[in-house]
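Here's the structure, in structure tokens; my notes come after.
Please treat every number below as a calculation from the coordinates, not as lab data. Just so it is clear, the model here is predicted, and its values are computed rather than measured. Heads up, the Cβs are rebuilt from the backbone with ideal geometry, glycines too, and the neighbour counts pull from every protein chain shown.
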């Protein structure tokens, strides 16, 4: 009997999920450090804030792609599923955390600033 190989889609999902987790945590750390070190906090309209926001959405997108690849890896026949499962779990967890951070950030906005 031939030994099964790991699913390429599962490996890709796992790698994307790890990249997403590391990059989002670094990005949140950098954003927090900039906010604390700037008198009055970081200006939401600055180039730095826009770049951080764009990168945040990019890395959150990596999590979404990782979920898709993980699901596809689970359906690969005659392949090991461990990386697909790990990638799916890490990506789904990171997506949940990313959405939670966005919701908390939006809830902290002053309602007067929305109008």
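Annotations
- Residue match in segment 66-85 (condition: touching a helix residue (DSSP H, G or I) at 6+ places or on another chain (Cβ under 9 Å) and over 24 Å from residue 5 (Cβ atoms)): no
- Cβ pairs under 9 Å, 6+ apart, first in segment 71-87 and without any contact (Cβ under 8 Å) to a residue 12 or more places away in the chain, second assigned to a helix (DSSP H, G or I): 75/9; 75/84
- Checked against (1) without any contact (Cβ under 8 Å) to a residue 12 or more places away in the chain; (2) more than 25 Å from residue 7 (Cα to Cα), residue 55 passes all but a single condition, namely (1).
- For residue 49, the conditions (1) within 30 Å of residue 6 (Cα to Cα); (2) surrounded by 11 or more Cβ atoms within 10 Å (Cβ to Cβ); (3) out of contact with any strand residue (DSSP E or B) (no Cβ under 8 Å at 6 or more places or on another chain) are fulfilled apart from (1).
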